[in-house]
Each structure stands twice: as C-alpha cells, then as structure tokens.
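The block underneath contains the structure these notes are about, expressed in structure tokens.
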Amino acid sequence: MNETSETKAPRARKDQLIVKEVRDEVLVYDLKTNKAHCLNDTAARVWKECDGRRSVSDIARVIERDLNSPVDDQVVWLAMAQLEKFKLLKHGALRPAGQPQISRRALIRAGISSAVLLPLIFTISAPNAFAQGSKITPAVCATLKHNAGIGCGGASCTTPGGTTCVKVGAPADPCGCA
Amino acid sequence: MVKLDRLGWAAGISFRVCGLRVGVRVNDPAILPEVIKRLPWGWIPLEAPTVDMIFSLLVGGETQRANVRRFNLVYFDAARLARTTDLNAALESLEQSLDFWVSSQARNRVFVHAGVVALDGKAIVIPGKSNTGKTTLVAELVRQGATYYSDEHCVVDGRGRVHPYPKPLAIYSRATDTRIKTPVSELGGIAGVKPVPVRLVIASEYREGALWRPRELSAGKGVLTLFANTVSARSQPEAALAAHQKIVSGARVLKGVRGEAKETASAILEELTSP
C-alpha cells in the first residue's frame, strides 16, 4: 500500500530521535527540535503501534487486547493529536470528515472515561549549556568578549533581580549584567 | 592559535578531570599557585603535556608608565574569553570557564546543575537553576547532619552514582549583598569522599511562607526534571538520559514549593529517617 498522508494509517517517526523506556513510560529526545518528551503508558502504546498499516481503530483494538480493557477510538485520536503536535509522527491518520478536534476535556465531558489512562505527553526544551552555568559576578561578566565565538554567554549574574550577562551597547562594548 | 603559541609561556599544568585532558599555561610562574587553587574538583596531574583543551592566562603585570595599562587576558584555545586590568576578575573568569567547559564536555560524567548532600550513604539531589534556593537548602541540610557533596554540580557516572564535588558553598550574605565562598567545615559539616547512589530527588523552589507538601513525580517526569538541569543536555543527550534513567530507577522524585530552609530540611530528614 502506498503510504501517503492521505492514507488512514499513521506512522511513527523514527529518524533523529533517541528513545528510552522508563518503567511504563517512554522518553523521546528529538535531535531536530532539542525537545524531550515523556509519553505516558497510553501515549507510548499508541505511538508504538503507528506502523503505517494499522488504522486508528486497529490500534485501539490492539491496545484493548493487550490491556484486557475497553479502549474507545477517541482515546487513540487524542493520542494522535498530541503525537502530531510534538512532531512524533511521520504522518498522521486522516481524520473522518466532520470529526472535531479531540481534547482531554472534551473526552471527559463526553463521559468517555476509560479503564486506561488518557494519553499524555509532557514536554520540555533541552537547556542550553550556558543557561546551566553558575552565576557570575558583574566584574567577571564585564571581562567577557562578546564576539569571541562564545559571546557574553547569558549566564546569570550574582546581582539581585535576575540579571544575566549580555552584550550591552555598541559592538565594541563589553558584556554587562542587565 | 599559532600566534598565541609563540608567546613566552613561563609555566603551566596539565591535568585530567572527568575523562578530559586539560592544560593551563601562564606567562608568570608566580601566578600558577593561584591558578591551581581554582582548578575543577577532582583533577589529577598529567605527566604528558598533550591535552584536549588549553586555557591561557596572560598576566598584564605592573608598568612604570602611569598612562599605560596592561590587561590580563584569558584564552580558551584561540578564543579570548576575558580582558581586564583586575587580576582577580581574570582568575575568576578562568575558574568559571574551566568549570563550564569541563561540565559541558565531560566524557565519563554527566553534570547536573544541582545541590547534593548524602545521608546514610545515599544522595539527596536538589536540581534547579540559579536563585531557586539550592545552596540555602544544602547548607541547612548540612547543618542538620547531612554530608556535603556540592551546592552547584551533581556529577553523575554511568551507574547513576553521584560523585563528590565539594567546592566551598556560595552562600548569599544579606549584609554585603554578595555570595561568600564558605568551606563546609564552617557550617560544622563534612564533605563526602566516595560516589553514592541517589535516594531522593527534590525539585523545589523557595516561596515565602510556603509549606513543604510535595507530590511524587513519575519516573519519566523525574528523568525530565533532571534533564532540564543538565549541562550537556544538548551536546550529549543520550548519555544524560541514560544516567538519569539509572538515578530514577532507585530514587523517589518529589516536587513542590518550600518555605524556609530550616523547616524544609527538617521535614526531609525526618521523612528519610523515620521507620
């Protein structure tokens, strides 16, 4: 079967991802976006089953069988929406005409409670190394040369008020806490 | 770099730390003891001068001409990092740069921006950005009997154990509005000497008047909490995630706001020591 975005079978993205399993969750680090995601059990199961051949209903039935609990198709659609949002699908499933966007709140309001957890993806941006540095004094900040390929660095300053070491004024000026 | 290499370097030191070979060279041998005091924790001298990265400190020195200033210069390889007439500021800049490059490039360790203490041979890790109260909480835990590991860097190996990095605590002084380097002995505490597994991760932020009522995070969210404070998160994500996986496999991860450090430290230690 040709796999295009017009098929109904979603496919998980695999390229440029680091994947780690932690108990019943799955951690995914995206090398393209520098974001780290934590997929809960349900989201992880749906992602795993997105092989480009199974439809949303097929995936719901597979998870039902694995967990021995009923799984509404809407739960899988919710997972799809989240996986697409965080660019973890190579291509998503084709939503039937007229089907509205799914949200957690909508599922709960509609009374579609499930014996399985609703899918959830928790995401952070990987920090820049400079942002993790220790605080520096204004005197040290002032010594930094902002065009040395490292710049002022953006490290936090010891001065109160949440200042950071940044380029101040014209290009020839030194760095300063602002 | 060739130009820099041609300058008269009078003295230097090469050492190994966290799988890296680092060199520091100076144009004035009298400054070398001051440089050595500021080397990253755990450094071991190397016989051979071949290194992975080299820092250079050009001491400006005194001049007889009143209208001529000589700058002190700090370089990392060929990149100039600092230029100042204040020698102390240059030394501080060198120390900060050494710290930064080692923590971000370490080969066999993962550095997390976190305070660490240990109790009964297991670590309590307090990740967080600057100004979240880590040092204050670490200092209070030490005063109440915990062993000091670091107020700045949680240094994790491939087995998920935390190694000591007991540089003096940078304790904020309201009187002088500065941070004062305070050896742990002045708090009545002792520094750890061996790597230990992690028992507890505490993601907390100070909020005046808050009560310490944390919620427990899942293992996955615990990993991300540590990852969000990892220096090499972008440069070595696989190693970082693997190390944090090991940590959470044996530790609880708690998250919440806290009030005064004294009460929070007591609550934490009481929970850990109660049967």
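The values are calculated or read from the model by the stated rules, or taken from the named source; none is laboratory data. Keep in mind that what you see is a predicted model, and the values were worked out from it rather than measured. When we count neighbours, we look across all protein chains shown, and the Cβ atoms used for this are built from the backbone with ideal geometry, even at glycine. In case anyone asks, the SASA skips ligands and DNA or RNA and just uses the protein heavy atoms, side chains included. Shrake-Rupley method; radii C 1.70, N 1.55, O 1.52, S 1.80 Å.
Listed by first and then second residue, the pairs with beta-carbon distance under 7 Å, at least 6 apart or on different chains, first residue in the range B:15-31 and without any contact (Cβ under 8 Å) to a residue 24 or more places away in the chain, second part of a loop (DSSP other than H, G, I, E, B), are B:29/B:10. Taking the criterion of being farther than 15 Å from residue B:198 by Cβ and either in a loop (DSSP other than H, G, I, E, B) or touching a His at 6+ places or on another chain (Cβ under 9 Å) (or both), the residues of the range B:110-138 that qualify are B:113, B:128, B:129, B:130, B:131, B:132, B:133, B:134. For the range B:195-203, the condition holds for at least one residue, the condition being that it is open to solvent by 20 Å² or more (accessible area, probe 1.4 Å), closer than 20 Å to residue B:163 by Cβ and under 18 Å from the mean Cα position of the chain (by Cα).
Just one of the numbered conditions (1) facing another protein chain (nearest Cβ under 9 Å); (2) free of Cβ contacts under 8 Å to residues at least 12 places away in the same chain is not true of residue B:68; which one? Answer for residue B:68: the failing condition is (1).
Note on the range B:139-153: among residues that are closer than 13 Å to residue B:266 by Cα and assigned to a loop (DSSP other than H, G, I, E, B), the one that is most open to solvent (accessible area, probe 1.4 Å) is B:144. Comparison of B:62, B:34 shows that the only residue that is at pLDDT below 85 and of a type in the set (Asp, Glu) is B:62. From the list A:127, A:96, the one residue that fits, being assigned to a loop (DSSP other than H, G, I, E, B), open to solvent by less than 40 Å² (accessible area, probe 1.4 Å), modelled with pLDDT under 95 and not small (Gly, Ala, Ser), is A:127. Of the strands (runs of 3 or more DSSP E) lying entirely inside the range B:165-275, those carrying at least 2 residues that are farther than 16 Å from residue B:139 by Cβ, within 14 Å of chain A (Cβ to nearest Cβ) and not aliphatic (A, V, I, L, M) are B:252-258.
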